[in-house]
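The values are calculated or read from the model by the stated rules, or taken from the named source; none is laboratory data. Please read all numbers here as calculations on a predicted model, not as lab measurements. All Cβ positions, glycine included, derive from the backbone under ideal geometry; neighbour counts span all protein chains shown. Protein only, heavy atoms only, side chains kept; ligands, DNA and RNA dropped before computing areas. Shrake-Rupley method; radii C 1.70, N 1.55, O 1.52, S 1.80 Å.
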Amino acid sequence: MAKVEIQSLKGMRDLLPEQSYQWQFVEEKLRKVIESYGYQEIRTPLLEKTELFKRSMGEVTDVVEKEMYSFTDLNGDSISLRPEATASCVRAGMQHGKLQQQIQRWWYSGFMFRHEKPQKGRYRQFQQVGVEVFGLQGPDIDIELMLLSWQLWQALGLDNVILEVNSIGNLTERQNYKQDLVKYFEQYKSQLDVDSQRRLYTNPLRILDSKNPEMQTMIAKAPKMLDYLSKQCQQHFVEITTVLTQLKVPYRVNPYLVRGLDYYNQTVFEWLTPDLGSQGTICAGGRYDGLVTQLGGKAVPAIGFALGVDRLIDLIQATQIKFTPPALHAYWIAIGEQAQQQSWSLQQSIRQALPQLRLLNNCNGGNFKTQFKRADKSGALYAIVLAESELEQATVTIKPLRSDEQQQTIQQTELVNYFATIIRTKDNQ
Ligand code: ATP
Ligand code: MG
């Protein structure tokens, strides 16, 4: 890496062309699976009023407390780069009257911003792909989201992943649970780490979310939310796990999987992998039937998940063969002024007839040797040569660059057919 005066911001990465191909590959697979389930894409702004995130994610979450990129704009309004997209989806749904008495299955893909400590799998600008469903009580939709996300990993050839599920019940059940949880942790008050001591009376559920290894034995003996569920919530949860078992989804119940905010209820789930070290959560989801009310609307049942594309790509790189971008089909060589002139229209017609053709045009002139060298360096499968003799006879010469096929001179009118066959055979190999 060269030292330059102005570097990119910490935790914000450039994706160079050799990397962006990997992203396109993954994004395309994700999109295809999600759309095959009938979900429609929503795109919302990167900037929102800070208040939206404060009211939706809550002021006592790490994200809102200390990770938001918030600033005052020229009008004096406090605005923030979105740290996640659920709040924006709910806002957009309410604003456009799309949530009441309707069913929506939405998906999104985009950058999120959090001022975290950058490390592998944790960046300040990162990409999430997520889905949000409104208007369905479940548990069928809960199951659908788990199966959909499972299918995403399958489409990407990732099999070392496991689904963790839990139910955090409804508000009253959780209040009873919280009381007992506080009582339990109070016994060990002096052994709690600083974060947990702070959370004990503000948000005790979040103690269960602690990543501190020293807290784990204490957490492992804490009361379990599942023991506090009402009959109805129990039934909801059992319906989900029954299907997961039937379909052999790799899953386990994690009774300590939680969300710390009141508008979350019942189903929570995460997909984890052991292949990414401590940043092993690739996807997190859950039901949030209380969020629309929290933002001032009439209650709407809702559930969603978000996955981290950066982590998915790290995972694919850690476990699979390298990505190689598809090669150019051809490099266009034109020798001489007149050939160059004619090339424009010839190229134009072949590009129009074959939109899948990857054809690189030689720029900056050069003699045959120079252009040929560039053609070779481009990685193209063939060079298409238009020189004086080809001009006279209305032909082009096709030189294979990566195989020992014979060089051929064909009529210019044959070019489209010729490359249509190449695309058919080479792209399906
Ligand atoms: P973590 O516990 O790893 O901080 P989180 O609970 O903050 O994750 P969510 O807000 O649920 O994460 O986001 C969903 C997914 O987005 C995560 O499972 C992860 O894959 C990804 N993600 C979250 N924060 C980052 C980040 N800073 N960099 C890269 N990916 C991230
Ligand atoms: Mg986080």
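So what's the angle, to the nearest 10 degrees on a 0 to 90 scale, between helix 309-319 and the longest Cα principal axis of the chain? Once rounded, the angle reads 70 degrees.
Cβ-Cβ distance of Asp77 and Glu186, R₀ of 51 Å, FRET efficiency by 1/(1 + (r/R0)^6): the value works out to about 0.75. Approximating the spin labels as points 7 Å out from Cα along Cα→Cβ, the Ser230-to-Leu147 distance works out to 2.8 nm. Dividing the summed helix terms, -39500 (n - 2.57) for each DSSP H run of n ≥ 4, by the number of residues in the chain produces a 222 nm estimate of -11500 deg cm²/dmol to the nearest 500.
Non-local lysine pairs in the stretch 54-186, meaning eight or more places apart or on different chains, with alpha-carbon distances under 24 Å, amount to 6. Against the main long axis of the alpha-carbon atoms of the chain, helix 337-353 sits at an angle near 40°. Per residue, the chain exposes an accessible area of 52 Å² to a 1.4 Å probe, with every protein chain left in place.
Here's how it looks for Asp289: its modeled amide H is under 5 Å from those of Asn265, Ala302, which are all 5 or more places away or on a different chain. Roughly how many Å is it from the Cα centre of the stretch 312-368 to that of the stretch 180-201, as a whole number? Using only Cα atoms, the two centres lie 63 Å from each other. The heavy atoms of His96 present about 120 square angstrom of accessible area, all protein chains included, probe 1.4 Å. Ligands, DNA and RNA aside, Ser36 has an accessible area near 80 Å² when probed at 1.4 Å. Farthest toward the positive end of the dipole of the chain, out of Ala330, Ile316, Met12, is the Cα of Met12, where the dipole comes from beta carbon charges about the Cα centre. Once all protein chains are placed together, Asp209 keeps about 80 Å² accessible to a 1.4 angstrom probe. Around the amide H of Leu401, modelled in the peptide plane, lie the amide H atoms of Tyr382, Ala383, all under 5 Å away and 5 or more residues distant in sequence or on another chain. For the stretch 175-274, dividing the convex hull volume of the Cα atoms by the residue count gives 112 Å³ per residue.
What does the C-alpha gyration tensor say about the overall shape of the stretch 348-429? Classify as rounded when a/c is under 1.5, otherwise prolate if a/b is larger than b/c, or oblate. Rounded is the answer for the stretch 348-429, as its axis ratio a/c remains below 1.5. Largest GNM mean-square fluctuation across Lys32, Lys117, Lys369, computed for the chain with C-alpha springs under 10 Å, falls on Lys369.
Computed on protein heavy atoms with a 1.4 Å probe, the accessible areas place Met68, Met112 in the order Met68, Met112, largest first. In a GNM of the chain with a 10 Å cut-off on Cα contacts, which of Pro250, Pro326, Pro301 has the highest mean-square fluctuation? In the Gaussian network model the winner is Pro326. Placing a pseudo-label 7 Å from each Cα along the Cα-to-Cβ vector at Asn364 and Ser278 gives an inter-label distance of 4.6 nm. Largest mean-square fluctuation among Arg351, Arg55, Arg198, in a Gaussian network model of the chain whose springs join Cα atoms under 10 Å apart, belongs to Arg351. Helix 231-246 axis versus longest C-alpha principal axis of the chain: approximately 40°, rounded to the nearest ten.
The candidates Leu9, Leu147, Leu247, Leu307, arranged from most to least accessible area with a 1.4 Å probe in the full protein assembly, appear as Leu9, Leu247, Leu147, Leu307. Solvent-accessible area of the stretch 1-145 (1.4 angstrom probe, protein heavy atoms only): carbon and sulfur portion equals 51 percent. A simple charge model with +1 on the Cβ of Lys and Arg, -1 on the Cβ of Asp and Glu and nothing else charged puts the dipole of the stretch 330-426 at about 520 debye relative to its Cα centre. Its residue count N fixes a reference of 2.2 N^0.38 Å for the chain, and the Cα radius of gyration divided by that reference is 1.27.
Could you give the nm distance between label points at Arg424 and Glu51, where each point is 7 Å from its Cα heading toward the beta carbon? Here the modelled spin labels are 6.2 nm apart.
Considering only protein heavy atoms and a probe of 1.4 Å, how much of the accessible area of the stretch 330-426 is carbon and sulfur, as a whole percent? Carbon and sulfur together cover 49 percent of it.
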